[in-house]
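Participant: Structure in structure tokens, see below.
The values are calculated or read from the model by the stated rules, or taken from the named source; none is laboratory data. In this text, all values refer to a predicted model and were calculated from it rather than measured experimentally. Methodologically, a virtual Cβ is constructed for each residue, glycine included, from the backbone with ideal geometry; neighbour enumeration extends over all protein chains shown.
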Amino acid sequence: MENHQLILVLDFGGQYNQLIARRVREQHVYCEVKSYKTPLSEIKAMQPAGIIFTGGPNSVYDDASPRCGREVLELGIPVLGICYGCQLMAHLLAGTVSDAAEKSEYGKTEVRLDRTSTLFSDLQENEICWMSHTDFIANAPEGFRVTATTATCPTAAMENAEKKLYGVQFHPEVNHTPHGTDMLRHFVYDVCGCTGDWTMGKYIENQLASIRRQVGDGKVLCALSGGVDSSVAAALLSKAVGRQLTCVFVDNGLMRKNEGIEVEEAFKTRFDANFVHAKAQQRFLNRLKGLSEPEAKRKAIGEEFIRVFEDEAKKIGKVDFLVQGTIYPDVIESGLGDSAVIKSHHNVGGLPDVVDFEELIEPLRMLFKDEVRQMGLELGLPEHLVWRQPFPGPGLGIRVIGEVTEEKLAILREADAIYREEIANAGLDRSISQYFAVLTDMRSVGVMGDGRTYDYTLALRGVTTTDFMTADWARIPYEVLDRVSIRIVNEVGHINRIVYDITSKPPATVEWE
């Protein structure tokens, strides 16, 4: 990253690797995640102000465990080892890591801190920290002193301040370690000497300059799904190159209430780019006729998206650049293992095959989702678009169980809009990670007025999660669910029963199909 101090996170297979990078960036310090296999020459070339070793599920004394060379610790660059990273540091420097602990430590643990350590200077002597380990450091390496202990762990933290090498056995990056962010701040500012010069405003400026250099007077094409990532990428490109950009918004008729109108309005009124609104609702409905199996529906929607986009791209002719809204978690997840292949764009997979273009532009590939939202707001996108609920590529096509028809889509659109409106009215829209309605294919008997009804059952879903790999069902207050239920039954036809999904992931997925 040009002109920025950098903290480099070396990943050893820890589940919190992205979280560490996010926590560092929250301190206004730029941070990147790289594999533990990154060559020493590449690490040197990046000139990091500091390096963080992540946790990981392995034992350092197993030959097959991920490890880097001892040379990383001899570069004169400050290093912080977290959990497995701390044990690896001890192992590489001839300390003793043992598996003979009387008992493993998992979860919230009281840790006694030595407040003369730079990492813990303004914390309490006893802090709650999140532990997750079986192995432990029996003897710290020569030149190190122990700076934290627990009732069962003799080395909960250690340091060689002279060589700027620090290790903590717990996880400072998770919310369960209440003052963990303070510890990371001390490492980044007080040990590594960072000044906190990384802001979204500066990042946008750098990106605009870099895009203008790359594009020159070329033509740029962007497939706009209406999702947060593609909308922010399009807004950035529009600001950088204006009318050299053409955004193609494929309206598949499977979006939520008023979304097509909102996307068009946002781009036509705020940005100076060519905007093509491909209204293809009927084409998608035709493709979905007779299909009820989820995978068949997904495939049909994905293929039709590409066909519509292809038709629009032909009208434009040859372009020099194609924009993709790939974000940093995609890059990390697909590029840190043995494979270095970056996954095709999660909204519009397969597009490069159907568009004649020279180069790809991925302006968000170094940003996390919350940073993408921040960028969107700074670029002037309306809040309702930036804080849109996560929405699957196939849209309502996989929230209508069974065959998708125009009538079912209309019912679901209205019910879903009421649900989202009431969640927002209750002030819960930022605390629930994802919430939506599903129109089941099940009908049941009901009573309305004096008459018997036989109509659809609507399911409501709400989950809380930090990473969408696992998710817990959201504890929405009964009075909010009651209001939603009363309104939907009264305002939307053909629904006479409403259920709330109380299954976590696993065993269920977030979406129903």
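Participant: As an exercise: evaluate V191 against (1) at pLDDT below 95; (2) buried (at least 16 other Cβ atoms within 10 Å of the Cβ); (3) over 26 Å from the mean Cα position of the chain (by Cα) and give the number of the one condition it does not meet.
Facilitator: (1)
Participant: Applying the selection to region 155-168, what residues are crowded, with 16+ Cβ neighbours inside 10 Å and either outside any loop (DSSP other than H, G, I, E, B) or out of contact with any Pro (no Cβ under 8 Å at 6 or more places or on another chain) (or both)?
Facilitator: Listed by number, the residues that qualify are T155, A156, A157, M158, E159, N160, A161, L165, Y166, G167, V168.
Participant: Could I ask something else about it? Check D251, D272 and return the single one that is surrounded by 14 or more Cβ atoms within 10 Å (Cβ to Cβ), free of Cβ contacts under 8 Å to residues at least 40 places away in the same chain, among the charged types (D, E, K, R) and more than 22 Å from R365 (Cβ to Cβ).
Facilitator: D251
Participant: Moving on. Check every one of the helices (runs of 4 or more DSSP H) wholly within region 324-420 and list those with 2 or more residues that are at pLDDT 90 or above and of a type in the set (A, V, I, L, M).
Facilitator: The qualifying helices (runs of 4 or more DSSP H) are 369-378.
Participant: Find all pairs meeting these conditions: Cβ atoms under 6 angstrom apart; at least six residues apart or on different chains; first residue within region 9-27 and farther than 15 Å from M366 by Cβ and modelled with pLDDT of 90 or more; second residue among the acidic types (D, E) and crowded, with 23+ Cβ neighbours inside 10 Å.
Facilitator: I20/E173; R23/E173
Participant: While we're looking at this one, here's another question. Can you find even one residue in region 119-127 that is at pLDDT below 90, surrounded by fewer than 23 Cβ atoms within 10 Å (Cβ to Cβ) and assigned to a strand (DSSP E or B)?
Facilitator: No, because not a single residue in region 119-127 is at pLDDT below 90, surrounded by fewer than 23 Cβ atoms within 10 Å (Cβ to Cβ) and assigned to a strand (DSSP E or B).
Participant: Ok, one more. Name the residue that is modelled with the highest pLDDT, counting only residues in region 458-499 that are surrounded by fewer than 16 Cβ atoms within 10 Å (Cβ to Cβ) and assigned to a strand (DSSP E or B).
Facilitator: V499
Participant: Restricted to region 409-432, and to residues that are under 20 Å from N286 (Cβ atoms) and either in the same structural domain as G253 (by TED's automatic domain parsing) or within 30 Å of the chain's Cα centre (by Cα) (or both), which residue is surrounded by the fewest Cβ atoms within 10 Å (Cβ to Cβ)?
Facilitator: The qualifying residue surrounded by the fewest Cβ atoms within 10 Å (Cβ to Cβ) is R413.
Participant: Can you give me the ranges of the helices (runs of 4 or more DSSP H) entirely in region 228-297 with at least 1 residues that are among the hydroxyl-bearing types (S, T, Y)?
Facilitator: So the answer is 228-241, 259-270.
Participant: So, of the residues in region 424-441 that are in contact with a Ser or Thr (Cβ under 8 Å, 6 or more places away or on another chain) and of a type in the set (S, T, Y), which turns out to be modelled with the highest pLDDT?
Facilitator: Residue satisfying both the conditions and the ranking: T440.
Participant: Another one. E173 is checked against (1) surrounded by fewer than 16 Cβ atoms within 10 Å (Cβ to Cβ); (2) closer than 22 Å to E26 by Cα and fails just one. What number does that condition carry?
Facilitator: So the condition that E173 fails would be (1).
Participant: Of Y454, Y435, which residue is of a type outside the set (A, V, I, L, M), over 22 Å from the mean Cα position of the chain (by Cα), assigned to a strand (DSSP E or B) and outside the structural domain of N175 (by TED's automatic domain parsing)?
Facilitator: Y454
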